[in-house]
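Below you'll find the structure, written out as structure tokens, and then a few comments.
The values are calculated or read from the model by the stated rules, or taken from the named source; none is laboratory data. Every value quoted in this text rests on a predicted model; they were computed, and no experiment measured them. For neighbour counting, all protein chains shown are included, and Cβ atoms are generated from backbone atoms with ideal geometry for every residue, glycine included. Please note that ligands, DNA and RNA were not included when accessible areas were found on the heavy atoms of the full protein model with its side chains. Shrake-Rupley method; radii C 1.70, N 1.55, O 1.52, S 1.80 Å.
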Amino acid sequence: MPKCHDLKKNEVYGCGQCKLELQVISECECDDSTEVCACYTQPNSCVFSCCNEEMKKIS
């Protein structure tokens, strides 16, 4: 799954196993700076998983 600042409004991510889908309603305010975004400074801070699998972009 992309980092939080890569997720764009209205994109949909889903679980391949149970078919749960999540839509991005609002984009994060982080940029891709290692000093600003926790995705780069804290391990596993921006991981979205379901049924022990990483959720994938479906649209």
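Restricting to the range 42-59, name every residue that is exposed (fewer than 11 other Cβ atoms within 10 Å of the Cβ) and over 18 Å from C28 (Cβ atoms).
Looking only at the range 42-59, we keep the residues that are exposed (fewer than 11 other Cβ atoms within 10 Å of the Cβ), and these are 42-44, 52, 59.
N52, S59, listed by residue number.
Which of the residues spanning the range 1-31 are open to solvent by less than 50 Å² (accessible area, probe 1.4 Å), outside any strand (DSSP E or B) and of a type in the set (V, I, T)?
Within the range 1-31, V24 is the sole residue that qualifies.
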